[in-house]
Amino acid sequence: MARITDVKTTIWEWVGPVAPMPPHFCTTASDLVADVTGSIAGFRFLGWLVVEITCDDGTVGIGNAALAPHATKATIDTYLKPLLIGTDPLDSEYIWQSMYRRTLPFGRKGIGMTAISAVDLAVWDLKGKLLGQPVFKLLGGRTKSRIPVYASRLYSQPLDTLYTEAKAYAEQGFPAVKLRFGWGPKDGPAGIAKNVDLVRTTREAVGPDVDIMADCYMGWTLEYARRMLRAVAPFNLRWVEEPVIADDLHGYAELKAMGLVAISGGEHEYTLYGFRQALDLKSYDIVQFDVNRVGGVTAAKKIADLCEAHDVVVIPHAGQMHNYHVTMSTYAGPIAEYFPKVPVEVGNELFWYIFDGEPIAENGSIDLADDRPGFGLTLKTPDQNFKLTA
Ligand SMILES: [Mg+2]
């Protein structure tokens, strides 16, 4: 029987050069309370938390979290680590329930569940390494020969560069692309027209045979979202993402019921209980949990099964190995998100600079190796672009 002997948390903070972003690159929830400069600051995240769990035989499992790394680190170090020492990593359900129930009064969602998720990922990576199997093989195995992926970058920008970038993704074979709306309720009818221009330009660039999705990152109000859905309905978007704040599950349901454009959400929803409520309310056409915040693999697998029973599609936020392994093993997941590797800008791309082993898209799809245990990731040796805090 294996025993966990150590839990180590390290913040990888990018201090190297950062690519500039256009001022309206994406709407955010804070647009309604801040000027646009403040919104960009709130969107950028340049720190990543890495969790390494060591077993008594020396095997190390790796997990990660991208939300609020400093607070997540403190939560793991203070509250979760003591629960883990001495446990058997193969008892992952027990470990999850132990973390969840001990932190319930202050955990549940947000930082508490992000901390549990990061640990759970390391536990599943450890399980895979101890058993000599990739994580997806422990979850039910391969349900598709490869995973189709959509290119996810297309921030709001001048229409000529948007056109060029979108066209390039289509030519690289991506079956779908996602853009970000740049304007919200404060920007009036002119902003609506600019948002429509983004969608129209992208459609012109990729043609009729590539799907287009568009993300609001919770930057709209319900009333504004109703107007926008009517405005973009003619362009046959595959979905509009997070049109309103994550807590407004009734608002999501109302927009979905309009039947104009499919509504996706759940990037900022948590646990089986959160998604049970959302599915009961018919809030989403597409569920987009991220395994590294929703409750780890342990919660994601249960939510994917719940979605299958509701015939709701699961297309996790962000791609990356922890999401790809769940997507590979579930029939509810037809396609995954893919952040192309670019110079560091928002932070979405930072994982390329921290881990080795992430799959590179070829002709619009990725594959997972059958012979790489765990998630198949290793940590890079940090260079001068990173400041590490242990
Ligand atoms: Mg999103």
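Coordinate-derived values only; no laboratory data. Everything quoted here is computed from the prediction, not taken from an experiment. Cβ: placed from backbone, ideal geometry, glycine included. Neighbour counts: every protein chain shown.
Structure values in brief
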read-out	value
Gain upon complete extension [Ala74, Arg44; 0.36 nm per residue less C-alpha separation]	8.7 nm
Kirkwood Rh and Cα Rg combined as Rg/Rh, segment 224-318	0.97
Charge context of Asp370, other residues only, Cβ under 12 angstrom, K/R +1, D/E -1	+1
Cα-centre dipole for the chain with unit charges at Cβ (Lys and Arg positive, Asp and Glu negative), debye to 20	380
Interchain or long-range residues, amide H under 5 Å from Glu267's placed H	Gln288
Extension gain from Arg101 to Thr143, taking 0.36 nm per residue of separation minus the Cα-Cα distance	11.8 nm
Nearby lysines by direct alpha-carbon distance to Lys144 (threshold 22 angstrom, same-chain neighbours under 8 apart not counted)	Lys301, Lys302
Whole-Hz couplings from phi, Karplus 6.51/-1.76/1.60, listed for segment 260-273; x for Gly and Pro	7, 9, 4, 10, 10, x, x, 4, 10, 10, 9, 6, 4, 5
Segment 250-297: Cα Rg divided by the 2.2 N^0.38 Å rule of thumb	1.13
Global geometry of segment 98-157, whether rounded, prolate or oblate, following the gyration tensor of its Cα atoms and the 1.5 cut on a/c	oblate
Segment 2-85 - Debye-derived log10 I(q)/I(0), Cα point model, q = 0.11 Å⁻¹	-0.45
Set Lys129/Lys282; Lys73/Lys186; Lys341/Lys387; Lys178/Lys387; Lys186/Lys387; Lys127/Lys256 screened for pairs whose C-alpha atoms are more than 27 Å apart	Lys129/Lys282; Lys73/Lys186; Lys178/Lys387; Lys186/Lys387; Lys127/Lys256
Amide H within-cut-off set for Lys380, under 5 Å, with H built and near neighbours excluded	Phe355, Asp356
Cα long-axis angle, helix 296-310 against the chain (0 to 90 degrees, to the nearest 10)	50
Inter-label distance, nm, simple model (7 Å from Cα along the C-beta direction), Asn385/Arg3	4.2
Built amide H within the under 5 Å cut-off of Val313, gap 5+	Val287
Between helix 159-171 and the chain: long-axis angle, C-alpha atoms, 0 to 90°, nearest 10	50
Packing rank of 364-372, 311-319, where each peptide gets the mean count of other beta carbons within 10 Å, highest leading	311-319, 364-372
Size of segment 265-390 as Cα extents on the principal axes (Å, biggest first)	49, 31, 25
In sequence order, calculated HN-Hα J values of segment 6-13 (Karplus, 6.51, -1.76, 1.60; Hz; x Gly/Pro)	7, 10, 10, 10, 9, 8, 9, 9
Overall form of segment 138-375 per C-alpha gyration tensor (a/c, 1.5; a/b vs b/c)	oblate
Fraction in percent of alpha-carbon pairs per bin - 10 Å, segment 17-143	12, 34, 27, 18, 9, 0
Helix-derived mean residue ellipticity, 222 nm - over the chain, DSSP H n ≥ 4, -39500 (n - 2.57), to 500	-11500 deg cm²/dmol
Ordering of 347-359, 287-299 by packing [mean C-beta count within 10 Å, highest first]	287-299, 347-359
